[in-house]
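Encoded as structure tokens, the structure appears first; notes follow it.
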Amino acid sequence: MNIVKMKPDHWPAVKKIYQEGIATGDATFQESPPASWQDWSEGHLENCSLVCLDDQGVVGWAAISPVSKRPVYQGVGEVSVYVKKSCQGQGVGDKLLNNLVIISEQEGIWTLQAGIFQENEKSLILHKKFGFREVGVRKKIGKMGYGHLSGVWRNVVLLEKRSQNVGVN
């Protein structure tokens, strides 16, 4: 497995993996992936967008979105990690998140955060394995708008990881 910077030609596979995650109902409130690479890339930090490649092609992706446009939060990013369903449990998420943490610090990010549905135990375990701590649970923070969970209010666990190398500790 190779971790590389995400490029426009990776978008079709990234979009497909994102759609797989959406279909589970436990990955995101989003109802569909962005329509285009341009739409997707406008919401993510270019240097903090990675894919995992193996002989099948793209088998997972991870990216950081800025949490705010306000300058005071320039070093805070929200993490997303998605792994192709057929490749889950093979260490893809570990490789992606490990590399994302390293690159985020190189890019001057001092705090990473993740909002994960309480039911998504595998994602919670993955993030905690890489030093994310639970800050709290946002009770009924949003209502699902699609699929079998349409209309259901969801709780989201808020996790964060502070850099030991960037910013004030």
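Read-outs: derived from the displayed coordinates by stated rules, not from any lab. What you see is a predicted model; the values in this text were computed from it and never measured. For neighbour counting, all protein chains shown are included, and Cβ atoms are generated from backbone atoms with ideal geometry for every residue, glycine included.
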Take the cross-link list K128/K161; K7/K69; K122/K161 and give me the ones stretching past 21 Å between alpha-carbons.
K7/K69
Can you give the extra length, in nm with one decimal, that the chain gains between K85 and N155 once fully stretched, where that is 0.36 nm per residue apart less the Cα-Cα distance?
22.9 nm
Classify region 56-155 as rounded, prolate or oblate, taking a ≥ b ≥ c as the square roots of the eigenvalues of its Cα gyration tensor: rounded when a/c is under 1.5, otherwise prolate if a/b is larger than b/c and oblate if not.
oblate
Put a dot 7 Å past each Cα toward the Cβ at E119 and R162; how far apart are the dots in nm?
3.4
Magnitude of the charge dipole, region 2-162, Cβ model with Lys/Arg +1 and Asp/Glu -1, debye to 20
480
Length-normalised contact order of the chain in % [C-alpha pairs under 8 Å, at least 6 apart]
21
Give, in nm to one decimal, the length gained when the segment between N47 and N2 is fully stretched (0.36 nm per residue of separation minus the Cα-Cα distance).
14.6 nm
Summing -39500 (n - 2.57) over every DSSP H run of at least 4 in the chain, dividing by its residue total and rounding to the nearest 500, the 222 nm mean residue ellipticity is -8000 deg cm²/dmol
Gaussian network model of the chain, Cα springs within a sub-10 Å range: biggest mean-square fluctuation belongs to which of H148, H127, H44?
H148
If unit charges are put on Cβ atoms (+1 for Lys and Arg, -1 for Asp and Glu) and the dipole of the chain is taken about its Cα centre, the option from F132, V51, Y18 lying farthest towards the positive end turns out to be F132
Honestly the chain on the Cα gyration tensor test (a ≥ b ≥ c root eigenvalues; a/c under 1.5 rounded, otherwise a/b vs b/c for prolate or oblate) is just rounded
